[in-house]
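Read the structure below first, then the notes.
The values are calculated or read from the model by the stated rules, or taken from the named source; none is laboratory data. None of these values were measured; they are calculated from a predicted model. Counting neighbours? That spans all protein chains shown, and the Cβs are built from the backbone with ideal geometry, glycine included.
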Amino acid sequence: MATEEKEMSFLGHIGELRTHLIRIVIGIVVAALLIGFNIGWVVDHIFLGPTRKDFISFEVVNHFSKKFMGNESFIMPSKFQIQQKKLFEQFNVMMSMSIFGGIILSFPYIVWEIWQFIKPGLTSMERKNTTGMIAFISIFFLLGVATGYFLILPFAINFGLNYRISDQIVPLFDLTNYTSLFLQVLFGMGLVFLFPVLVLVLVRIGIINSKFLKTYRKHAIILISVVAAIITPADAISMILSMLPLLLLYEFSIILALYTEKKMAKNEVK
């Protein structure tokens with residue numbers, strides 16, 4: 001009888017998981033359709049935004065550059081032309097932008113559905129301690145996406161556009177290559193910015209602590225440089241630009257670990 005109850009409990013959990021996964025897929029599909037039906041505007045204003053000379057990142061940097069140095073630091077052409085090499089390339093890009101854009105738009109909902117599945121198995125204290133986790137995860141993921149979009153991507157594009165080894169070489173930019181770069185940087189930075197969440201979880205279950213993070217800070221810098229090289233194009237500028245927020249993120253994780261340890265110590269005293 002006990003075995004039957006356990007089996008039913010297991011099957012019940014599988015059924016519950018399936019329900020949440022279906023809801024997640026529906027959420028992504030709805031967001032993807034929203035992007036797909038507005039793909040023209042999304043491509044012109046968001047997808048190709050970092051290629052325009054009036055992009056906010058270029059305008060801010062050039063404003064201070066002209067103020068202090070007398071000239072602009074980043075020069076972009078009036079029109080950034082991208083070529084299509086394959087027959088269905090634009091359709092494939094539309095699908096990629098819709099699906100991956102749908103994941104980004106629905107990410108807070110995805111996290112909420114995962115939380116709803118996990119929550120029944122937690123104690124009241126664990127639920128209390130993890131209050132705000134949905135917002136915490138969503139904010140850091142979206143902050144990472146924004147960092148990739150406004151900091152890494154435009155300057156990587158500018159570097160790739162203006163770097164020359166010979167004037168005889170004519171730059172012809174490929175649509176699929178640009179799409180890969182766009183999604184690689186945005187998703188890479190979004191996922192890497194979830195590092196504080198991982199630290200928070202590992203500290204609470206006792207695997208690491210703030211002392212561990214401080215001790216292995218030098219090793220972390222090497223690892224961060226490797227991660228930065230993976231999620232950005234192979235140029236020094238974009239790699240350095242991505243390393244800076246990741247290093248700050250690591251230091252923030254140490255502070256977060258210290259805060260979590262103190263909070264856990266207080267709860268144990270109570």
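Taken over region 229-270, the residue count meeting the criterion of being of a type in the set (A, V, I, L, M, F, W, C), assigned to a helix (DSSP H, G or I) and modelled with pLDDT under 85 is 11. The condition of being more than 27 Å from SER238 (Cα to Cα), modelled with pLDDT under 85, within 25 Å of the chain's Cα centre (by Cα) and surrounded by fewer than 16 Cβ atoms within 10 Å (Cβ to Cβ) holds for only one of THR123, THR131, that being THR131. Per the listing LEU191, LEU181, the residue uniquely of a type in the set (A, V, I, L, M), within 12 Å of THR232 (Cα to Cα) and in a helix (DSSP H, G or I) is LEU181.
Residue-wise test of (1) touching a residue at least 24 places away in the same chain (Cβ under 8 Å); (2) in contact with a Ser or Thr (Cβ under 9 Å, 6 or more places away or on another chain); (3) in a helix (DSSP H, G or I).
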| residue | (1), (2), (3) |
| --- | --- |
| MET125 | yes, no, yes |
| ILE139 | no, no, yes |
| ALA146 | no, no, yes |
| ILE152 | yes, yes, yes |
| PHE155 | yes, yes, yes |
| PHE159 | yes, yes, yes |
| ILE165 | no, no, no |
| VAL170 | no, no, no |
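For region 63-83, a residue qualifies if it is in contact (Cβ under 8 Å) with a residue 40 or more places away in the chain, surrounded by 10 or more Cβ atoms within 10 Å (Cβ to Cβ) and in a loop (DSSP other than H, G, I, E, B), and the qualifying residues are PHE74, ILE75, MET76, PRO77, PHE80. Look at region 47-61: where a residue is under 25 Å from PHE100 (Cα atoms) and a partner is of a type in the set (Gly, Ala, Ser) and buried (at least 18 other Cβ atoms within 10 Å of the Cβ), sitting 6+ places away or on another chain with Cβ atoms under 6 Å, you get PHE55/GLY49.
Just name the residue that is surrounded by the most Cβ atoms within 10 Å (Cβ to Cβ) out of those in region 194-209 that are of a type outside the set (A, V, I, L, M, F, W, C) and outside any loop (DSSP other than H, G, I, E, B). So the residue we want is PRO196.
Being at pLDDT 90 or above and either among the polar types (S, T, N, Q) or surrounded by 20 or more Cβ atoms within 10 Å (Cβ to Cβ) (or both) is a property that does not hold for PHE187. The residue list ILE35, ILE22 contains one member that is at pLDDT 90 or above, in a helix (DSSP H, G or I) and surrounded by 12 or more Cβ atoms within 10 Å (Cβ to Cβ), which is ILE35. Evaluated against (1) surrounded by 13 or more Cβ atoms within 10 Å (Cβ to Cβ); (2) farther than 20 Å from GLY40 by Cβ; (3) among the aliphatic types (A, V, I, L, M), MET97 falls short on exactly one condition, (2).
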